[in-house]
1. Of the residues in region 130-164, how many are within 21 Å of Ala357 (Cα to Cα) and surrounded by fewer than 24 Cβ atoms within 10 Å (Cβ to Cβ)?
2. Kindly indicate whether Glu363 is under 24 Å from Glu91 (Cα atoms) and surrounded by fewer than 17 Cβ atoms within 10 Å (Cβ to Cβ).
3. Any chance region 100-121 includes a residue that's within 28 Å of Gly388 (Cα to Cα), within 16 Å of ligand 1 (Cβ to nearest atom) and without any contact (Cβ under 8 Å) to a residue 60 or more places away in the chain?
4. Any chance you could count how many residues in region 231-244 are in contact (Cβ under 8 Å) with a residue 24 or more places away in the chain and either within 16 Å of ligand 1 (Cβ to nearest atom) or not aliphatic (A, V, I, L, M) (or both)?
5. Counting only residues that are farther than 25 Å from Asp244 by Cβ, give me the strands (runs of 3 or more DSSP E) lying completely in region 129-216 with at least 1 of them.
6. Quick one: would you say Leu331 is within 17 Å of Asp227 (Cα to Cα) and surrounded by fewer than 24 Cβ atoms within 10 Å (Cβ to Cβ)?
7. Within region 274-308, count every residue that is within 16 Å of ligand 1 (Cβ to nearest atom), basic (Lys, Arg) and in contact with a strand residue (DSSP E or B) (Cβ under 9 Å, 6 or more places away or on another chain).
Amino acid sequence: MSILLQHLLHDGHRCAIFCRAMQGSSKIIDYQTTTLAPGIKLERVEIRLIRLPLIEPFETSFGKIDSRLIFLVCIEADGLRGWGEVVAAEEPLYSYETVGTALHVIRDFLGPAVLNRPLASLDDLAKCLAPFRGHNMAKAGLELAFMDLLAQLNEQSLSALLGGELKRVAVGVSLGIQPSISRLLERVERYLRLGYQRIKLKIRPGWDLDVVDEVRRKYPNILLSVDANSAYTINDREHLQRLDDFKLLMIEQPLQHDDLMDHARLQEIMKTRICLDESIVSLRQAKLALELDSCRIINIKVGRVGGYSEALAIHDLCVGREIPVWCGGMLESGIGRAHNIALASLKGFTLPGDISASSRYFERDIISPEVVVGADGTVAVPDGKGLGFEVDVDLIEQLTDTRIDITG
Ligand code: OSB
Ligand code: MG
């Protein structure tokens with residue numbers, strides 16, 4: 001049994017943990033059926049951890065991974081199941097949250113807080129989660145599952161429930177740091193041929209100016225951006241200014257995650273627009289960033305900001321201020337990917353999102369049909385109920401490493 005699991009197993013009466021390594025197979029636990037009126041009452045929250053290998057390693061300025069431990073959240077009410085995904089990674093590198101912290105927080109606090117009370121809207125759910133500080137990715141997992149459920153109950157698509165209007169969303173690809181420039185150029189060529197509308201290059205000191213120069217030289221007219229994932233400091237300002245030569249669509253998160261001041265200082269001297277990712281963890285931080293002119297583009301990740309209520313508010317703020325918005329990605333499984341597609345169908349998402357085809361990352365996805373990118377670099381927004389994709393429950397069951405049931 002993993003150290004993580006040994007640590008997490010405890011005698012709490014509200015949850016049952018099923019671990020493949022421990023029991024051989026998972027079991028279903030009974031729960032009490034509750035009435036629905038006046039709002040939905042969530043009867044059960046289920047966590048599933050499944051490991052999905054990546055087709056090729058993904059390297060950023062903060063590390064390299066070759067698989068994703070996917071954290072799924074399933075909630076049940078009125079015989080229906082809603083699915084969400086917690087985008088936290090195994091290590092606290094992109095954010096302080098991890099699979100372990102999210103598991104703890106959902107099992108011990110957030111899950112019990114949302115069970116068995118009438119929830120008529122997303123707002124009601126958000127109010128149950130609001131007292132708990134931080135842990136946005138954990139909160140988002142519940143909000144996502146809840147909105148899938150609500151859409152199914154309303155017999156509408158998630159996109160329609162969110163107020164999305166686009167039928168297809170524009171997408172780009174995020175290319176990790178490669179062992180060589182020639183390998184990177186080969187990847188750029190591949191994804192352009194597949195139709196992706198924008199190429200984003202991960203950069204870090206030592207893998208930046210020369211690399212961008214080569215790509216730009218070979219493709220003078222493509223939409224090209226870079227993402228530093230906080231690899232620089234304001235002392236690198238002159239170095240970063242040299243990126244202004246490459247007609248980049250944006251530079252994403254060059255400086256520290258909690259440093260809006262230095263981003264504003266850098267934006268003042270750079271022509272290239274700064275886009276904030278890690279720094280935008282709430283509507284308040286988004287307002288502050290725009291007030292300070294720390295960025296001129298915002299990347300919305302529903303997980304990073306704590307769910308749909310905050311994501312929609314940030315979207316509306318940006319639309320009001322004419323700040324372009326795009327949908328970020330966290331190497332999600334099909335479930336998180338389906339949520340991203342629904343979110344990106346809102347009108348304010350005017351730049352291509354990091355929403356790749358399932359096959360860009362995984363051999364086999366856990367939804368059907370898988371997400372596909374058309375030759376025009378767009379992804380269709382499904383109009384079926386809820387996520388609009390079938391969740392492959394059998395495959396999830398087969399892949400389940402850890403399962404936790406939380407009941408009231
Ligand atoms: O900074 O946008 C990022 C992946 C993991 C963590 C952070 C980031 C990313 C990506 C990949 O860039 C986006 C995707 O295709 O899901
Ligand atoms: Mg980023």
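1. Of region 130-164, the ones within 21 Å of Ala357 (Cα to Cα) are 144, 148, 157-159, 164.
Pick out the ones that are also surrounded by fewer than 24 Cβ atoms within 10 Å (Cβ to Cβ) and you get 157, 164.
Selection size over region 130-164: 2.
2. So Glu363 fits the description; yes.
3. Yes - at least one qualifying residue is present in region 100-121.
4. Adding up the residues that qualify gives 9.
5. Per the criteria, 168-170.
6. On the way: within 17 Å of Asp227 (Cα to Cα): yes; surrounded by fewer than 24 Cβ atoms within 10 Å (Cβ to Cβ): yes.
For Leu331, the condition - within 17 Å of Asp227 (Cα to Cα) and surrounded by fewer than 24 Cβ atoms within 10 Å (Cβ to Cβ) - is met.
7. The qualifying residues number 1.
Per-residue answers, yes or no, for (1) crowded, with 24+ Cβ neighbours inside 10 Å; (2) assigned to a loop (DSSP other than H, G, I, E, B); (3) more than 20 Å from the chain's Cα centre (by Cα):
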site: Ala231; (1), (2), (3): no, yes, yes
site: Asn235; (1), (2), (3): no, no, yes
site: Gln241; (1), (2), (3): no, no, yes
site: Ala264; (1), (2), (3): no, no, yes
site: Thr272; (1), (2), (3): no, yes, yes
site: Cys275; (1), (2), (3): yes, no, no
site: Arg304; (1), (2), (3): yes, yes, no
site: Ala311; (1), (2), (3): yes, no, no
site: Glu322; (1), (2), (3): no, yes, yes
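Coordinate-derived values only; no laboratory data. None of the values given here were measured: they were computed from a predicted structure. With ideal geometry, Cβ positions are generated from the backbone for all residues, glycine too; neighbour counts draw on all protein chains shown.
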